[in-house]
Amino acid sequence: MKDVTTYESDPDGLLYDPRVRAAMAQFADDDETLLTFEAGAAVRTANQAVERMRAHGAQGRGVSAGALDLLVRLNNSEHGISIGELARTSGVSSRNATGLVDTLEHNGLVRRVPDPKDRRSVLAEITPAGRAWMEAFRKPSQLAMRAMFQGFTPEELVVLRDLCLRLAANQHRLAEHLRQIGQQP
(Lines give C-alpha, C1' and ligand atoms only; values in the text may rest on other atoms or scores of the structure.)
Protein backbone atom coordinates (compact mmCIF):
# COMPACT_ATOMS: atom_id res chain seq x y z
CA MET A 1 0.00 0.00 0.00
CA LYS A 2 1.17 3.51 -0.78
CA ASP A 3 2.89 5.31 2.09
CA VAL A 4 0.46 8.10 2.97
CA THR A 5 2.49 9.58 5.80
CA THR A 6 4.43 11.83 3.42
CA TYR A 7 1.68 14.43 3.09
CA GLU A 8 2.69 17.93 4.07
CA SER A 9 0.75 21.12 4.75
CA ASP A 10 1.01 24.24 2.64
CA PRO A 11 1.12 27.74 4.25
CA ASP A 12 -2.70 27.70 4.52
CA GLY A 13 -2.60 24.39 6.42
CA LEU A 14 -3.97 22.37 3.47
CA LEU A 15 -2.49 18.97 2.65
CA TYR A 16 -0.50 18.16 -0.45
CA ASP A 17 1.75 15.30 -1.53
CA PRO A 18 5.30 16.57 -2.18
CA ARG A 19 6.11 13.53 -4.34
CA VAL A 20 3.13 14.23 -6.58
CA ARG A 21 3.97 17.93 -6.72
CA ALA A 22 7.52 17.15 -7.85
CA ALA A 23 6.36 14.62 -10.44
CA MET A 24 3.58 16.82 -11.85
CA ALA A 25 5.77 19.92 -12.07
CA GLN A 26 7.21 18.62 -15.34
CA PHE A 27 3.76 18.90 -16.97
CA ALA A 28 2.84 22.34 -15.65
CA ASP A 29 3.80 25.72 -17.06
CA ASP A 30 2.45 27.67 -14.08
CA ASP A 31 1.13 27.27 -10.54
CA GLU A 32 -2.52 27.07 -11.62
CA THR A 33 -1.81 24.24 -14.05
CA LEU A 34 0.22 22.46 -11.37
CA LEU A 35 -2.80 22.69 -9.04
CA THR A 36 -5.00 20.98 -11.63
CA PHE A 37 -2.52 18.12 -11.95
CA GLU A 38 -2.20 17.85 -8.17
CA ALA A 39 -6.00 17.88 -7.80
CA GLY A 40 -6.32 15.09 -10.37
CA ALA A 41 -3.73 13.03 -8.52
CA ALA A 42 -5.47 13.70 -5.19
CA VAL A 43 -8.80 12.52 -6.64
CA ARG A 44 -7.11 9.31 -7.86
CA THR A 45 -5.49 8.77 -4.45
CA ALA A 46 -8.79 9.32 -2.64
CA ASN A 47 -10.65 7.02 -5.07
CA GLN A 48 -8.06 4.30 -4.55
CA ALA A 49 -8.39 4.65 -0.77
CA VAL A 50 -12.17 4.31 -0.88
CA GLU A 51 -11.96 1.39 -3.32
CA ARG A 52 -9.40 -0.39 -1.12
CA MET A 53 -11.78 -0.04 1.83
CA ARG A 54 -14.74 -1.31 -0.22
CA ALA A 55 -12.74 -4.21 -1.63
CA HIS A 56 -11.51 -5.16 1.83
CA GLY A 57 -15.03 -5.18 3.21
CA ALA A 58 -16.53 -7.08 0.29
CA GLN A 59 -13.78 -9.67 -0.08
CA GLY A 60 -13.93 -10.35 3.64
CA ARG A 61 -17.46 -11.50 2.92
CA GLY A 62 -16.65 -13.52 -0.20
CA VAL A 63 -17.67 -10.99 -2.87
CA SER A 64 -15.43 -8.92 -5.12
CA ALA A 65 -15.81 -5.14 -5.27
CA GLY A 66 -17.22 -5.47 -8.80
CA ALA A 67 -19.79 -8.03 -7.70
CA LEU A 68 -20.68 -5.79 -4.77
CA ASP A 69 -21.47 -2.96 -7.20
CA LEU A 70 -23.91 -5.19 -9.05
CA LEU A 71 -25.42 -6.51 -5.85
CA VAL A 72 -26.03 -2.97 -4.59
CA ARG A 73 -27.80 -2.08 -7.84
CA LEU A 74 -29.89 -5.25 -7.75
CA ASN A 75 -30.80 -4.72 -4.11
CA ASN A 76 -32.33 -1.39 -5.12
CA SER A 77 -34.46 -2.98 -7.86
CA GLU A 78 -37.79 -4.69 -7.31
CA HIS A 79 -37.97 -6.48 -10.66
CA GLY A 80 -34.42 -7.24 -11.72
CA ILE A 81 -32.09 -5.56 -14.18
CA SER A 82 -30.76 -6.70 -17.54
CA ILE A 83 -27.10 -7.63 -17.74
CA GLY A 84 -26.59 -4.88 -20.33
CA GLU A 85 -28.07 -2.27 -18.00
CA LEU A 86 -25.96 -3.57 -15.10
CA ALA A 87 -22.89 -3.24 -17.31
CA ARG A 88 -23.77 0.33 -18.36
CA THR A 89 -24.55 1.56 -14.86
CA SER A 90 -21.50 -0.15 -13.37
CA GLY A 91 -19.11 1.04 -16.06
CA VAL A 92 -17.99 -2.47 -17.02
CA SER A 93 -18.29 -4.54 -20.19
CA SER A 94 -21.28 -6.83 -20.74
CA ARG A 95 -18.88 -9.77 -20.60
CA ASN A 96 -17.58 -8.62 -17.19
CA ALA A 97 -21.13 -8.07 -15.90
CA THR A 98 -22.10 -11.55 -17.11
CA GLY A 99 -19.17 -13.07 -15.23
CA LEU A 100 -20.04 -11.16 -12.07
CA VAL A 101 -23.68 -12.27 -12.30
CA ASP A 102 -22.47 -15.85 -12.84
CA THR A 103 -20.42 -15.64 -9.65
CA LEU A 104 -23.24 -14.06 -7.65
CA GLU A 105 -25.66 -16.66 -9.00
CA HIS A 106 -23.26 -19.47 -8.06
CA ASN A 107 -23.15 -18.03 -4.53
CA GLY A 108 -26.96 -17.96 -4.35
CA LEU A 109 -27.12 -14.16 -4.09
CA VAL A 110 -28.61 -13.52 -7.54
CA ARG A 111 -30.77 -15.47 -9.96
CA ARG A 112 -31.66 -15.03 -13.60
CA VAL A 113 -35.36 -14.60 -14.38
CA PRO A 114 -37.22 -14.13 -17.67
CA ASP A 115 -37.80 -10.52 -18.69
CA PRO A 116 -41.60 -10.07 -18.71
CA LYS A 117 -41.26 -7.33 -21.36
CA ASP A 118 -39.01 -9.27 -23.73
CA ARG A 119 -39.19 -13.06 -23.75
CA ARG A 120 -35.79 -13.26 -25.48
CA SER A 121 -34.08 -11.55 -22.54
CA VAL A 122 -33.32 -12.39 -18.95
CA LEU A 123 -32.94 -10.18 -15.93
CA ALA A 124 -30.64 -10.56 -12.97
CA GLU A 125 -32.57 -10.42 -9.72
CA ILE A 126 -31.35 -10.44 -6.14
CA THR A 127 -32.42 -13.46 -4.07
CA PRO A 128 -33.61 -13.43 -0.46
CA ALA A 129 -30.11 -14.67 0.46
CA GLY A 130 -28.67 -11.72 -1.47
CA ARG A 131 -30.89 -9.29 0.42
CA ALA A 132 -29.82 -10.89 3.72
CA TRP A 133 -26.17 -10.56 2.63
CA MET A 134 -26.73 -6.87 1.88
CA GLU A 135 -28.40 -6.34 5.25
CA ALA A 136 -25.45 -7.96 7.03
CA PHE A 137 -23.07 -5.76 5.00
CA ARG A 138 -24.94 -2.53 5.87
CA LYS A 139 -23.58 -1.89 9.38
CA PRO A 140 -19.91 -2.66 8.60
CA SER A 141 -20.21 -0.39 5.54
CA GLN A 142 -21.59 2.42 7.64
CA LEU A 143 -18.76 2.07 10.14
CA ALA A 144 -16.10 1.97 7.41
CA MET A 145 -17.44 5.05 5.61
CA ARG A 146 -17.72 6.97 8.87
CA ALA A 147 -14.11 6.09 9.62
CA MET A 148 -12.98 7.08 6.10
CA PHE A 149 -14.65 10.49 6.40
CA GLN A 150 -13.80 11.08 10.06
CA GLY A 151 -13.22 14.75 10.77
CA PHE A 152 -15.28 15.98 7.80
CA THR A 153 -18.19 18.26 8.63
CA PRO A 154 -21.54 17.67 6.93
CA GLU A 155 -20.93 20.86 4.95
CA GLU A 156 -17.54 19.59 3.77
CA LEU A 157 -19.11 16.30 2.69
CA VAL A 158 -21.70 18.17 0.63
CA VAL A 159 -18.97 20.25 -1.02
CA LEU A 160 -16.82 17.17 -1.65
CA ARG A 161 -19.77 15.38 -3.23
CA ASP A 162 -20.52 18.40 -5.41
CA LEU A 163 -16.90 18.78 -6.51
CA CYS A 164 -16.55 15.10 -7.41
CA LEU A 165 -19.79 15.09 -9.40
CA ARG A 166 -18.84 18.31 -11.20
CA LEU A 167 -15.54 16.69 -12.12
CA ALA A 168 -17.39 13.64 -13.45
CA ALA A 169 -19.79 15.85 -15.41
CA ASN A 170 -16.85 17.77 -16.93
CA GLN A 171 -15.23 14.48 -17.97
CA HIS A 172 -18.49 13.31 -19.55
CA ARG A 173 -18.84 16.55 -21.54
CA LEU A 174 -15.22 16.33 -22.67
CA ALA A 175 -15.61 12.69 -23.73
CA GLU A 176 -18.78 13.55 -25.67
CA HIS A 177 -17.02 16.47 -27.39
CA LEU A 178 -14.09 14.24 -28.33
CA ARG A 179 -16.48 11.62 -29.73
CA GLN A 180 -18.20 14.29 -31.82
CA ILE A 181 -14.94 15.45 -33.37
CA GLY A 182 -13.81 11.89 -33.97
CA GLN A 183 -11.23 11.43 -31.25
CA GLN A 184 -11.28 8.78 -28.58
CA PRO A 185 -11.34 10.10 -24.98
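Quick rundown of the values:
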{"item": "Sequence of VAL122, VAL101 from largest to smallest accessible area, 1.4 Å probe", "result": "VAL122, VAL101"}
{"item": "Sequence of TYR7, TYR16 when ordered by accessible area, the most exposed leading, probe 1.4 angstrom", "result": "TYR7, TYR16"}
{"item": "Within the accessible area of region 104-185 (1.4 Å probe), percent carbon and sulfur", "result": "59 percent"}
{"item": "Loop-located GluC sites (Glu not before Pro) in region 22-84, at most 15 other Cβ atoms within 10 Å (DSSP)", "result": "GLU78"}
{"item": "Descending Cα extents along the principal axes, the chain, whole Å", "result": "60, 45, 30"}
{"item": "Net charge dipole size for region 1-138 [Lys, Arg +1 and Asp, Glu -1 on Cβ; Debye, nearest 20]", "result": "1100 debye"}
{"item": "Packing rank of 41-47, 161-167, where each peptide gets the mean count of other beta carbons within 10 Å, highest leading", "result": "41-47, 161-167"}
{"item": "Taking the chain and dividing mean pair separation by its residue count, relative contact order in percent (alpha carbons under 8 Å, at least six apart)", "result": "13 percent"}
{"item": "Largest-first ordering by accessible area, 1.4 Å probe, given options GLU125, GLU135, GLU85", "result": "GLU135, GLU85, GLU125"}
{"item": "Folded to 0 to 90 degrees: helix 31-59 orientation relative to the chain principal axis, Cα", "result": "30 degrees"}
{"item": "At R0 = 25 Å, FRET efficiency that the Cβ-Cβ distance of ARG131 and ALA46 yields, to 0.05", "result": "0.25"}
{"item": "Accessible surface, per residue, of region 46-182 when the full set of protein chains is kept, probe 1.4 Å, Å²", "result": "67 Å²"}
{"item": "Hull volume in cubic angstrom per residue (convex hull over the Cα atoms of region 85-125)", "result": "71 Å³"}
{"item": "Selection from LEU70, ASN47, LEU34 lying farthest towards where the dipole of region 17-104 points positive, charges on Cβ", "result": "LEU70"}
{"item": "Rounded FRET efficiency, nearest 0.05, which uses the C-beta distance separating GLU156 from ASP102 and R0 of 35 Å", "result": "0.30"}
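The values are calculated or read from the model by the stated rules, or taken from the named source; none is laboratory data. Just so you know, these numbers come straight off a predicted model, no measurement behind them. Virtual Cβ from ideal backbone geometry, glycine too; neighbours counted across all protein chains shown. Accessible surface areas use protein heavy atoms only, side chains included; no ligands, DNA or RNA. Shrake-Rupley method; radii C 1.70, N 1.55, O 1.52, S 1.80 Å.
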